[in-house]
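Chemist: Take this structure first; my questions come after.
The values are calculated or read from the model by the stated rules, or taken from the named source; none is laboratory data. Everything numeric in this text was worked out from a predicted model, so none of it was measured. With ideal geometry, Cβ positions are generated from the backbone for all residues, glycine too; neighbour counts draw on all protein chains shown. Areas reflect the complete protein model, heavy atoms only, side chains present, ligands, DNA and RNA absent. Shrake-Rupley method; radii C 1.70, N 1.55, O 1.52, S 1.80 Å.
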Amino acid sequence: MKAVILAGGLGTRLSEETSVRPKPMVEIGGKPILWHILKMYSQHGVNDFVICCGYKGYVIKEYFANYFLHMSDITFDMRNNHMEVHQKRAEPWTVTLVDTGENSMTGGRLRRVADYIRDEEAFCFTYGDGVSDVDIGATIAFHRQHGKAATLTATFPPGRFGALELQQGRVLSFQEKPKGDGAMINGGFFVLSPKVLGYLDGDATIWEQQPLQRLAAAGELMAYEHQGFWQPMDTLRDKIYLEELWASDKAPWKSWK
């Protein structure tokens, strides 16, 4: 099964990092968050990736072109113009990098890679800026079981502030960073039938608007409920939080050794 990953947006809310690289290449623990996402999928047997590039897509292409340089020890024999790679850390990945345009929206980017996925029974689809401990294998099994065109992962948004229950100035209860207002949201990590390509009109199509609305109205959209960890990297605060989790060796999304 293939996984399509959106990696072409501007990432304006993380401009401290994205002025020089696309947001999926912002590092957590010395590795791009895109690498973390590929590792998550790989742990569930998904190793064939189609990455939708856009803004500064050449940075992503150069990263994978030089993957051994990033991941291995290297000896450069300058006298004999020779390079030797030591302790090759190979991944079982096939990575296809597609230029889907500087200004394409999320649905437009998916439409631009249609030729790579239209013959698949189903494929995964996600954003290149968030991590989770979601059971991707279970989402795929759920999708195959219900037989509809689309499955999204429903999750709770991360809380950002401590919630207080007050009575005449007295704090009756305090809950640190509660999970939103109790309503679940679209957490990405979709499993889709190629039939969804028929819901995409052009580069300006926003996947989260008309296509998902039309799929829901047609009874073709199902939700896999995820109760565990889910965290996007929208802001510098989010990046720092993910860095802290990684540094503590307690990153919930790390299921590999």
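Chemist: Please go through the stretch 221-257 and pick out each residue that is in a loop (DSSP other than H, G, I, E, B), surrounded by 18 or more Cβ atoms within 10 Å (Cβ to Cβ) and modelled with pLDDT under 95.
Modeler: So in the stretch 221-257, the residues in a loop (DSSP other than H, G, I, E, B) come out as 226-229, 233-235, 248-257.
If we keep only those that are surrounded by 18 or more Cβ atoms within 10 Å (Cβ to Cβ) too, we end up with 226, 233, 251, 253.
Within the stretch 221-257, His226, Met233 qualify.
Chemist: Another question, if that's okay. With the requirement that a residue be in a strand (DSSP E or B) and either surrounded by 11 or more Cβ atoms within 10 Å (Cβ to Cβ) or among the aliphatic types (A, V, I, L, M) (or both), what does the stretch 74-90 give you? Step through it out loud before you land on a result.
Modeler: Let us first name the residues in the stretch 74-90 that are in a strand (DSSP E or B), namely 74-77, 82-86.
Those that are in a strand (DSSP E or B) and either surrounded by 11 or more Cβ atoms within 10 Å (Cβ to Cβ) or among the aliphatic types (A, V, I, L, M) (or both): Ile74, Met83, Val85.
Chemist: Only one residue in Gly9, Gly45 is small (Gly, Ala, Ser), in a loop (DSSP other than H, G, I, E, B) and farther than 19 Å from Gly130 by Cβ. Which one?
Modeler: On the way: Gly9 fails: farther than 19 Å from Gly130 by Cβ.
Going through Gly9, Gly45 in turn, just one is small (Gly, Ala, Ser), in a loop (DSSP other than H, G, I, E, B) and farther than 19 Å from Gly130 by Cβ: Gly45.
Chemist: Same structure again: Collect the residues in the stretch 236-255 that are hydrophobic (A, V, I, L, M, F, W, C) and either within 20 Å of Tyr41 (Cα to Cα) or without any contact (Cβ under 8 Å) to a residue 40 or more places away in the chain (or both), keeping them in residue-number order. If you could, list the steps in order and put the result at the bottom.
Modeler: To start, the set of residues in the stretch 236-255 that are hydrophobic (A, V, I, L, M, F, W, C) comprises 236, 240, 242, 245-247, 251, 253.
The answer is Ile240, Leu242, Leu245, Trp246, Ala251, Trp253.
Chemist: Are any residues in the stretch 91-147 touching a Leu at 6+ places or on another chain (Cβ under 7 Å), surrounded by fewer than 16 Cβ atoms within 10 Å (Cβ to Cβ) and either within 19 Å of Tyr58 (Cβ to Cβ) or of a type in the set (D, E, K, R) (or both), and if so, which ones?
Modeler: Result: Arg118, single match.
Chemist: Does the stretch 73-89 hold any residues that are at pLDDT 90 or above and acidic (Asp, Glu), and which are they?
Modeler: Within the stretch 73-89, just Asp77 meets the criteria.
Chemist: I would also like to ask the following. Taking the stretch 17-37 only, how many residues are in contact (Cβ under 8 Å) with a residue 40 or more places away in the chain, of a type outside the set (Lys, Arg) and open to solvent by 10 Å² or more (accessible area, probe 1.4 Å)?
Modeler: Of the residues in that region, 2 qualify.
Chemist: Within the stretch 154-162, is even one residue small (Gly, Ala, Ser), at pLDDT below 95 and open to solvent by less than 30 Å² (accessible area, probe 1.4 Å)?
Modeler: Going through the stretch 154-162, the residues small (Gly, Ala, Ser) turn out to be 154, 159, 162.
Now restrict to residues that are at pLDDT below 95: 154, 159, 162.
Filter once more, so that each one left must be open to solvent by less than 30 Å² (accessible area, probe 1.4 Å): 154, 159.
Yes, some residue in the stretch 154-162 is small (Gly, Ala, Ser), at pLDDT below 95 and open to solvent by less than 30 Å² (accessible area, probe 1.4 Å).
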